[in-house]
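Student: First, the structure itself, so that you have it in front of you.
The values are calculated or read from the model by the stated rules, or taken from the named source; none is laboratory data. Just so you know, these numbers come straight off a predicted model, no measurement behind them. Cβ placement follows ideal geometry from the backbone for every residue including glycine, while neighbour counts extend to all protein chains displayed.
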Amino acid sequence: MTNHWEGHRPEPESCREQDIGRFEILHTDGRARLGRIHTEHGLLHTPALLPVVNPNIRTIEPREMWDRWNIEGLITNSYIIWKHDELNQKAKQDGVHQLINYPGVVVCDSGTFQSYIYGDVEVEVEEIIRFQKDIGVDIATMLDVFTRPDMSREEVKNGVELTAERAQPSLQAAEGMMVNGPIQGGLEWDLRELSATSMSEHGFAIHPIGGIVPIMEKQRYLELLKVILSTIPHLPQNRPVHLFGCGHPMLFPMTIALGADLFDSAAYALFARDNRLLTPWGTVKLEGLEHWPLTTPSLFGTTPEQVRAMDVDSRCKILAEHNLDVSIAELDRCRQAVRDGTIWELAEARSHQHPALREAFLWLINTLPNRGEKSTDDNRWHNAWNWILEANVAQRGGGVRFISQESNCRPWVAVARKLLHERWKQTGEKKNVLILHGRSGPWREKVGTLVRRIRAQTREIEILVHTPIGLLPWALEDLNPFAHIQGSSMLYREVPELEWCKTELSRMNLKPEKIMLLDMKNKSDLMDSIILEFPELELHNDHIQDEEEIRMIEIEQCIARLALFANLDPDIAVQELVDCSFIHSRTRRVKNILLNDGMHIASPRMRDGGLSMTAAGAKWLHSFRKEPLPEGFENRKLEVNTHKGPPWVVIDSDAIPFVKDGRNVFHGFIKAVDSWLRLGTYCHVVDENGELIGHGTCMTTIVGMKDHNKGVAIKIRDGIK
Ligand code: GUN
């Protein structure tokens, strides 16, 4: 039988000249992204693992990596080639691709790592770039200064400054070749930030994060996270980020979730030489193994005993092949997870499999979100958490796969809670709160009648339901993700604690005089319990229900949705919707909301409990705007700015006719945005006079609006002529 990869994979085609150097982002999930880098030797899809190839020692032939593993790019070392006469001559004569016999994207490092290992290198800054240009590498690396974690602050600072000084001469010598601009800074978080901002000013194609090998070798993953979080938020979003020397698959999910795009692995070969196997949850020694921890195509049909009995070279080769199999498979898993919107979940799951990963992940979900703004460092992590939140969409397809209380810490759950807490506002004064708990949704089906019976008699009780991710006002009873939890019914069994309820309520600005917790599973008549609890309201048990009460609940639902999704002031909505009417579906759900003149302004969405505005509704919302026209792209924080209406996106006049025709707004045509614009939320597109041109959904963050120059920025629902 032949292997499926036998026979050759065709050589790559060069990307179009005008595209070379471009990084296109195709898909995102929080800060994780799927992208592709355009090069002369084809596309490099990210996240990608670049296997390290030492031109002197080839454990796996680069050509085999291309043919058998579909590897689109690898990394080799220009300093090693430059230093060895024979390699140097051959590379200059035939090019680096021929030298290592590889047709795909060749990235080259510069000798910095050698200077870290051996103390110094002999090559000059421009010389090593010119050499990389001469031998035809696709992505070169400048000679940065390796900043070790044990260096003094002064030494690190010198390293950062010297690296920054070398940026311009390196790019000049590169004459248009794509160049890596590494970020240094050791464990000095402000210097990491400084390095990121100063290197961003130059025209680098990619930013590797350097100086992290020693901390990864010691499995200091918490520090690795801190390096990442003090660096990536300060890099332009349209450039890929490479974690230099990071190649262990156990690190992929968490670092990809935080925005890493490229990895390089010498680990597959180094660990093989040391008789060790990589797995997505750590490293396993071959010695003493009876069974494989996981089987890969390379190991299939062998036993650990047979592999131990092999000669050194064969054993090293098969283990390296396994290590590459595992790494590529984990990377693929991550890519699919980004597509599915589950990369954070994968990081969460993997963190349970290794103590050092666990430590880092626990910091990420417990410490980071609770940082205030007390000290400079505190402020840094506070901003880093907001940077993660900014990239998350609150309402998304599917539900929350609730595995443990940790599932509550997923950033998009935090964003959904934040949106609810900031934007929902109680209508009228209700001194009492009733919290329904004990059962999963859909609550409308289970206790809708009870709620109507209460409403028919009193407006004095605010009704909320208890969900595993927080309290939910009845007016938003079908809101995603609160209403879409996938998990055991056990999750609803626990009675919420009163103190917790009070905290939740205060987050929604509710300070009730009385709180009643009512278990929906109670066998007795629930209405009886409510009558007993609130004697002063003089409630009764008769079944009166008139259309007016149902209508009132529906109006409350509309006000809540307009506040949440269109950021409309509930006080305005109350006045405007007094005489509104509804068109109902066969199941008596509100299908369309009409103003008193019959104008259809919006339709509630069944899918996620959201709201779809019509063009007429957009104009109606537009008429309430009081804020001035925005200028620029201000704001990095998630600020409250509640109820100022839909955020505006001011576009270039060139794009106006297209948007009026209902076409999307592309990056590069945006002149200014309101500071409360958020990814995945509703927004208005206006011209430079504030005239409404269209309305739709924002597809990126404010910083993304500024940084990106390709792709859809606003998905237009309707153009407005
Ligand atoms: N390889 C691993 N770490 C580094 C680094 O900091 N700089 C460079 N150029 N290469 C590396």
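Student: Is there a residue in region 92-103 that is touching a His at 6+ places or on another chain (Cβ under 9 Å), within 16 Å of the ligand (Cβ to nearest atom) and over 16 Å from ALA173 (Cβ atoms)?
Tutor: There is no residue in region 92-103 that is touching a His at 6+ places or on another chain (Cβ under 9 Å), within 16 Å of the ligand (Cβ to nearest atom) and over 16 Å from ALA173 (Cβ atoms).
Student: Take the residues in region 200-246 that are in contact (Cβ under 8 Å) with a residue 12 or more places away in the chain, within 13 Å of the ligand (Cβ to nearest atom) and farther than 18 Å from ILE75 by Cβ; name whichever of them is surrounded by the fewest Cβ atoms within 10 Å (Cβ to Cβ).
Tutor: PRO214
Student: Consider region 24-56. How many of its residues are within 18 Å of ASN323 (Cβ to Cβ) and in contact with a helix residue (DSSP H, G or I) (Cβ under 8 Å, 6 or more places away or on another chain)?
Tutor: 7
Student: In this structure, does ASP569 turn out to be surrounded by 12 or more Cβ atoms within 10 Å (Cβ to Cβ) and within 23 Å of ARG717 (Cβ to Cβ)?
Tutor: Yes; evaluated as a whole, the condition is true for this residue.
Student: In addition: Quick one: would you say VAL145 is surrounded by fewer than 24 Cβ atoms within 10 Å (Cβ to Cβ), within 11 Å of the ligand (Cβ to nearest atom) and not in a helix (DSSP H, G or I)?
Tutor: Answer is yes for this residue.
Student: Related question: Kindly indicate the residue of region 355-378 that is β-branched (Val, Ile, Thr) and in contact (Cβ under 8 Å) with a residue 24 or more places away in the chain and also farthest from LEU224 (Cα to Cα) among those meeting that condition.
Tutor: Applying the filter and picking the extreme gives THR376.
Student: Same structure, new question: Restricting to region 55-69, count the residues that are touching a strand residue (DSSP E or B) at 6+ places or on another chain (Cβ under 9 Å) and part of a helix (DSSP H, G or I).
Tutor: Qualifying residue count, region 55-69: 4.
Student: Please verify whether LEU510 is touching a residue at least 12 places away in the same chain (Cβ under 8 Å) and assigned to a strand (DSSP E or B), treating the condition exactly as stated.
Tutor: Criteria not met by LEU510.
Student: Any residue at all in region 34-54 that's outside any helix (DSSP H, G or I), at pLDDT below 95 and closer than 22 Å to GLY247 by Cα?
Tutor: Yes.
Student: Can you pull out the residues in region 629-665 that are of a type in the set (Asp, Glu) and modelled with pLDDT of 95 or more?
Tutor: Across region 629-665, the qualifying residues are ASP652, ASP654, ASP661.
Student: Can you name the residue in region 385-402 that is aliphatic (A, V, I, L, M) and touching a Pro at 6+ places or on another chain (Cβ under 9 Å) and is also surrounded by the fewest Cβ atoms within 10 Å (Cβ to Cβ) among such residues?
Tutor: The extreme case among them is LEU389.
Student: Okay, moving on. Exactly one condition in (1) within 23 Å of ASN238 (Cβ to Cβ); (2) of a type outside the set (Lys, Arg); (3) within 14 Å of the ligand (Cβ to nearest atom); (4) touching a helix residue (DSSP H, G or I) at 6+ places or on another chain (Cβ under 6 Å) is false for ASN180; which is it?
Tutor: The one condition ASN180 does not meet is (4).
Student: Tell me, yes or no, whether region 116-132 has at least one residue that is within 12 Å of the ligand (Cβ to nearest atom), modelled with pLDDT under 95 and not in a loop (DSSP other than H, G, I, E, B).
Tutor: Yes - at least one qualifying residue is present in region 116-132.
Student: Tell me, please, whether a residue that is among the small types (Gly, Ala, Ser) and modelled with pLDDT of 90 or more can be found in region 527-539.
Tutor: yes
Let's see how each residue does on (1) within 16 Å of the ligand (Cβ to nearest atom); (2) outside any loop (DSSP other than H, G, I, E, B); (3) over 31 Å from the mean Cα position of the chain (by Cα):
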residue	(1), (2), (3)
LEU251	yes, yes, no
GLY259	no, no, no
ASP264	yes, yes, no
TYR268	yes, yes, no
LEU277	no, yes, no
GLY288	no, no, yes
HIS291	no, no, yes
THR302	no, no, yes
